[in-house]
Each structure stands twice: as structure tokens, then as C-alpha cells.
């Protein structure tokens, strides 16, 4: 769900002293204003931008603001969530393929880079890319050229690239999980979006905005948020950031029959493990699962699918195992030929 439905339908909310929204982003926060100032400076230029921040902090919204303020605003902006695409399909999604390029490729497909030609391409969760795809992306970032899968003709595109991640790519580079040369190509101009807990002055403003939006959708009228509920909203840590706040307001608006919105306390319950036992157990279980997957990949020489693949031997679907490999950031290519 998009954090804010469109940039055109967002207006000032809160009291009469609220600042004028900047491209639809409502904020009092100095931390976010710093990010907006950086955005303002880089938007008219074709420089590659890397947006960083936790999940739910508004990276896609910020990318759309960048596009709308760029010289490419009349051209398409294409958004791709790399974490949502199975690894074997990422190359086809980005670069396209010719008919017959692989099993199931019955017709030609135009990739996202071609669709975004002369416009903007937003690559969300870029830290999820496999080593092979990092190499392919580096080439197009450096040279502006690529080939569709199954084709020999080199194609050139003119694309303004905006990348985003909720991972620490510097740490991934240090541990060899992300190419250093690609990192420097993507992070020419980084912009960090602060989590909601670091911009608490914006919580009442955002809560009132979301309430007005959902009141319109529900054909209801709300006079505001009850003070006790607003205090709970302001005190909550918001691990899911703005997206979680939006969901809490929507959930509450659907349930509430009173003119003042009341937030059910259960929606703001802190989930804390008892004396650290649960978190320790979860960490141990994740560690065991990761070791099991790594050992099986070594036995199967990096092969995931197929009759002799790691997925079949572990008794899970190949798509599930691919997802876990991506989540644990396991480089399955290093196991090819390991037994030999």
C-alpha cells in the first residue's frame, strides 16, 4: 500500500501554523527537512540517487517526488521491487527476453529498462540482488547498454536511476555480499529517510491526515483523534514506520462509531520477548536453519531446484528455498563445484 495516494491530493493538516507541504510530504521534522533539502538539490540533475531507510519510511514516495521534480517528469517512472521477484526472473524483468530464450518464454518481453527509456527507473530493495545480477546492473549503470535474454543485439537506454534499500550496503560490501564498484555507482548522492520514531513531532500531523483520507473513503465524519489515543500514538515506537501508522488509523476508523477516533490499545501493544529468551531462541533457530541450507547447498553443489536439488532434499518448494536463501544472504554460486 502506498504511503500517500498521490502528491496532488495531499494538503496541509493540523493547526494553522503547520508548514506548507513540500510536494505532498507533510512534516515538522528537521530530520526529514534535511532529506527534502537534498532531494530539492539533486532532483533537476540526472545524478543517480540511493535512498536508504527502514521499511515503511516512504522511499517510493520520495522517488516519485524526485521524478516529478526532474526534467524527465513528462516521461514514465517505472518502479520495480526486486525483493518481490524470484531470482531466476530478475534478468527477464529488468532487461526483457526474446521468444524462446528459455522454457516458457513463448513471446518477446520488453524489460523495465526499455520501458523507462528517457524516464526514471526506481529499483527498490536493490540490496537483494544476486552477485550475477549485480554484475549485469553494473554494466548498464556504467555503459547504458544491455542485451535482452536470448538476443545478440546490444541496446542502449537513457534512464535516470533511483535505487533504494533498507539494508546497510556498506556492511554488505565489507562482507563481500555486495559489489563495491556497484555500490559507489549507485550511491553517488545518498539520501537517508529517518524512521518515524526519530520524527515524533510529525506523528499527530500524519495521523490527522490519514484520518481525513479514510473518513472520505468511508463517507464518515470524524472531529479528530481523542487525546488519550493521540498520546499513545505519539509514544509508540512504530517499528513499521509510516506504513504501520497508516494501517492503525485505517483499522481504527473502520471500527470506530464515535466522532472522536479511538485507537484500540491492542493495535499499539509492544511485542517484547520475556527476558530476551524468545529473541535468543529465534536467533538460534534462524542460525540452525541457515546452516542446514548451506550444508545442503554444498551437497547439491549449489543446485536449488530439480530432482536432485536442495529444495527437493529438504522437502520444501524451490520458491520457498530461494526466498530463504535471499533472506539469509547466502551466495549459492560459491557452492558450485564445491565437492569436486
(message) From the mean inverse distance of alpha carbon pairs (Kirkwood) and the Cα radius of gyration, derive Rg over Rh for the range 196-268.
(response) 0.92
(message) I'd like the FRET efficiency for residue 46 and residue 201, computed as 1/(1 + (r/R0)^6) with the beta carbon distance as r and R0 of 45 Å, rounded to 0.05.
(response) 0.85
(message) If neighbour count is taken as other Cβ atoms inside 10 Å, put 175, 97, 192 in order from fewest to most.
(response) 175, 192, 97
(request) Mind checking the full-extension length gain between residue 106 and residue 175? Use 0.36 nm per residue of separation minus the Cα-Cα distance, one decimal, nm. (result) 20.9 nm
(request) Report the convex hull volume per residue for the range 30-192, counting only C-alpha atoms, in Å³. (result) 109
(request) Please report, to two decimal places, log10 I(q)/I(0) for the chain at q = 0.10, 0.14 Å⁻¹ as given by the Debye formula with identical point scatterers on the Cα atoms and no solvent. (result) -0.75, -1.23
(message) Report the gain in length on full extension from residue 247 to residue 184: 0.36 nm times residue separation, minus Cα-Cα distance, nm rounded to one decimal.
(response) 19.1 nm
(request) Considering Cα pairs under 8 angstrom that are at least six residues apart, work out the relative contact order of the range 288-335 and quote it in whole percent. (result) 35
(message) If I model a spin label at residue 115 and residue 268 as a point 7 Å from the Cα along the Cα→Cβ vector, what separation in nanometres do I get?
(response) 4.0
(request) For helix 203-218, report the angle its Cα long axis makes with the longest principal axis of the Cα atoms of the chain; keep it between 0 and 90° and round to the nearest 10°. (result) 90
(message) I need the calculated FRET efficiency for the pair residue 328 and residue 221, taking r as the beta carbon distance and R₀ as 41 Å, to the nearest 0.05.
(response) 0.25
(message) Tell me the angle of helix 131-143 to the major Cα principal axis of the chain, expressed in degrees between 0 and 90 and rounded to the nearest ten.
(response) 80
(request) Sort the range 288-335 into rounded, prolate or oblate with this rule: let a ≥ b ≥ c be the square roots of the eigenvalues of the Cα gyration tensor; rounded if a/c is under 1.5, and if a/c is not under 1.5, prolate when a/b is larger than b/c, oblate otherwise. (result) rounded
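Among 321-332, 239-250, 144-155, 159-170, what's the highest-first ranking by average C-beta atoms within 10 angstrom per residue?
Details: 321-332: 17.4, 239-250: 19.2, 144-155: 14.4, 159-170: 21.3.
Going from most to least packed, we get 159-170, 239-250, 321-332, 144-155.
Give me the percent of DSSP beta bridges within the chain that run antiparallel, rounded to the nearest 5.
Antiparallel bridges: around 20 percent, rounded to the nearest 5.
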(request) Indicate, rounded to the nearest 5 percent, the antiparallel portion of the DSSP beta bridges found entirely in the range 30-192. (result) 20
(message) Compute the helix-to-body angle for 277-299: its Cα long axis versus the longest principal axis of the chain, expressed 0 to 90° and rounded to tens.
(response) 20
(request) Set the Förster distance to 35 Å, then compute FRET efficiency between residue 299 and residue 158 from the Cβ-Cβ distance, nearest 0.05. (result) 0.15
(message) Quick check: Cα centre of the range 212-230 to Cα centre of the range 97-150, how many Å?
(response) 44
(request) Using 0.36 nm per residue of separation minus the Cα-Cα distance, give me the extension gain between residue 33 and residue 234 in nm, one decimal. (result) 70.4 nm
(request) Return a whole-number percent for the relative contact order of the chain, with Cα pairs under 8 Å and 6 or more residues apart as the contact set. (result) 18
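A short reminder: the numbers here are calculations on the coordinates, not readings from a lab. On a predicted model such as this, the values are computed, not experimentally measured, just so you know. Counting neighbours? That spans all protein chains shown, and the Cβs are built from the backbone with ideal geometry, glycine included.
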